[in-house]
Amino acid sequence: MTTLVTGATGNTGRHVVAELIGRGEHVRALTRNPAAAAEKLPSGVELVHGTHTAPETLDAALDGVDRLHITVTAGLADVGPELVRRAVDAGVRRITVLWGGAAGPVEQAVADSGVEWVRLEPQEFMSNTLTWADTIRAEGVVREPYDFPSALVHEADIGAVAALALLDDGHSGQVYNLTGSESLTPTERIKTLSRAIGRDITLVPITYEEAVERLTSSGVSRADAEYVVGWYAEPPADAVTAVDTVERLTGRPARTFDQWVAEHADRFVG
Ligand SMILES: NC(=O)c1ccc[n+]([C@@H]2O[C@H](COP(=O)([O-])OP(=O)(O)OC[C@H]3O[C@@H](n4cnc5c(N)ncnc54)[C@H](OP(=O)(O)O)[C@@H]3O)[C@@H](O)[C@H]2O)c1
């Protein structure tokens, strides 16, 4: 059985790949840069050059594939339904889709595909904390406009749920809201980081506009930047409420933020 993973080198995709490999599956990873992907992914993964945002080029990548994991990324909304159609035509029998933060055309195309499907709706990733790494290393500060809680989920737990949804029966048609086991404010996360790296870290408030400009100056469109900062200003109820989906499905507690920090502490030092 072959599983094609799109977004395989990303924050969550690499965990999807690792979980599938760990269960003895043959994994084909779609990447725009196979040389870089080889550094990030375990040996044994078949690397295929391509991008899911050009589905008309993916017939070879889809050849012989039974299961498909789609990571919704920028640029996929328009062409995602075509990717789903080609996958089904190629014989894919089960699809998992990691949502883009809202159920859009790709997520709908998967639900309408006629094959088995599961939608993963993680809330905020713990890896968003990496956006603090530069200023913590340089100045010992974090600049954020809001201090509201978020039930952050560990990317490895998203990978674990994706793998079982791809490989095990009984999940078809499910929409899984995924969070960690606790809801934490930036202040609480900073305390954990501070303990782990042995350095005081100060939370410095910035305005909504400064937060939007920070994103636009890094290449994010104004509309996307306003969406992201607006999300933090008024996080949806699902994002602040910890649920037990990970534990219920995997049979073990969701990974904690302390654990994530222990795994990534070196990124905040130096
Ligand atoms: N961050 C959060 O808190 C959060 C929460 C919920 C949902 N989400 C959603 O999760 C999705 C991202 O997941 P992720 O963080 O695991 O992915 P990611 O780290 O952003 O990586 C996505 C991967 O997709 C591949 N890719 C192929 N075509 C691409 C394209 N046109 N543009 C960008 N990447 C492309 C890239 O691999 P190659 O370079 O190897 O080709 C890249 O490594 C987004 O849709 C986001 O909205 C995020």
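The values are calculated or read from the model by the stated rules, or taken from the named source; none is laboratory data. Small disclaimer: the values here were computed from a predicted structure and weren't measured. Using ideal geometry, Cβ is built from the backbone for each residue, glycine included, and neighbour counts are taken over all protein chains shown. Remember, those area values only see protein heavy atoms, side chains included, never the ligands or the DNA or RNA. Shrake-Rupley method; radii C 1.70, N 1.55, O 1.52, S 1.80 Å.
Results, tabulated for the structure shown:
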read-out	value
Check on VAL48, open to solvent by less than 50 Å² (accessible area, probe 1.4 Å), under 25 Å from PRO122 (Cα atoms) and of a type in the set (A, V, I, L, M)	no
VAL88 touching a residue at least 24 places away in the same chain (Cβ under 8 Å) and assigned to a helix (DSSP H, G or I)	yes
Hits in the range 85-103 - residues which are at pLDDT 95 or above and surrounded by fewer than 16 Cβ atoms within 10 Å (Cβ to Cβ)	ARG85, ASP89, GLY91, ARG93
The range 93-111, residues that are part of a helix (DSSP H, G or I) and either on the phi > 0 side of the Ramachandran plot or among the acidic types (Asp, Glu) (or both)	GLU107
Matching residues, the range 4-57, being part of a loop (DSSP other than H, G, I, E, B), more than 8 Å from the ligand (Cβ to nearest atom) and out of contact with any strand residue (DSSP E or B) (no Cβ under 7 Å at 6 or more places or on another chain)	ARG23, GLY24, PRO42, SER43, GLY44, ALA54
Every residue from the range 161-182 that is open to solvent by 10 Å² or more (accessible area, probe 1.4 Å) and under 14 Å from ALA18 (Cα atoms)	LEU164, LEU167
Any hit, the range 126-145, residues being closer than 26 Å to ASP200 by Cβ, touching a Pro at 6+ places or on another chain (Cβ under 8 Å) and within 16 Å of the ligand (Cβ to nearest atom)	yes
Any hit, the range 98-113, residues being touching a Gly at 6+ places or on another chain (Cβ under 6 Å), within 11 Å of the ligand (Cβ to nearest atom) and within 30 Å of SER181 (Cβ to Cβ)	yes
Hits in the range 245-267 (condition: within 18 Å of the chain's Cα centre (by Cα) and outside any helix (DSSP H, G or I))	ALA254, ARG255, THR256
Residues of the range 58-84 satisfying the condition of being part of a loop (DSSP other than H, G, I, E, B) and either more than 10 Å from the ligand (Cβ to nearest atom) or open to solvent by 10 Å² or more (accessible area, probe 1.4 Å) (or both)	LEU58, ASP63, GLY64, VAL65, ASP66, VAL72, THR73, ALA74, GLY75, ALA77, ASP78, VAL79
